[in-house]
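Below is one structure, written out as structure tokens; comments come after it.
The values are calculated or read from the model by the stated rules, or taken from the named source; none is laboratory data. Bear in mind that the values here come from a model prediction, so they are computed numbers and not experimental data. Glycine gets a Cβ as well: all are built from the backbone with ideal geometry, and neighbour counts include every protein chain shown. To get the accessible areas, we keep the full protein, side chains included, count just its heavy atoms, and leave off ligands, DNA and RNA. Shrake-Rupley method; radii C 1.70, N 1.55, O 1.52, S 1.80 Å.
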Amino acid sequence: MKIEDALQRFVEDKEDCIIYTESGSTIIARIIEIGDGFIIIDEKDSESVVNIEHIFRVRSYPKNEKGKKKSIWV
């Protein structure tokens, strides 16, 4: 399975996710589109392009029992 195929789930969910990069930064955003070696993300008020080679982990934003976003430590 290619990374692009695995990331497709996050595009279909249309939910915020947490993207961890190899530089140690954490991005909380919604993945809009997957290209050839990059993803386009929507952070609150802007769009950005991130190189897939620099991503080492992506996970769904955790929610509590009521469906609200949990506080996280990044």
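Residue-by-condition table, conditions (1) in contact (Cβ under 8 Å) with a residue 24 or more places away in the chain; (2) in a strand (DSSP E or B); (3) open to solvent by 30 Å² or more (accessible area, probe 1.4 Å); (4) of a type in the set (S, T, N, Q):
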{"site": "GLU4", "(1), (2), (3), (4)": "yes, no, yes, no"}
{"site": "PHE10", "(1), (2), (3), (4)": "yes, no, no, no"}
{"site": "TYR20", "(1), (2), (3), (4)": "yes, yes, yes, no"}
{"site": "ILE28", "(1), (2), (3), (4)": "yes, yes, yes, no"}
{"site": "GLU33", "(1), (2), (3), (4)": "no, yes, yes, no"}
{"site": "VAL50", "(1), (2), (3), (4)": "yes, yes, no, no"}
{"site": "ARG57", "(1), (2), (3), (4)": "yes, yes, yes, no"}
*Which one of these does GLU65 not meet: (1) open to solvent by less than 50 Å² (accessible area, probe 1.4 Å); (2) assigned to a loop (DSSP other than H, G, I, E, B)?*
(1)
*Can you name the condition, by its number, that GLY24 falls short on among (1) surrounded by 14 or more Cβ atoms within 10 Å (Cβ to Cβ); (2) part of a loop (DSSP other than H, G, I, E, B)?*
(1)
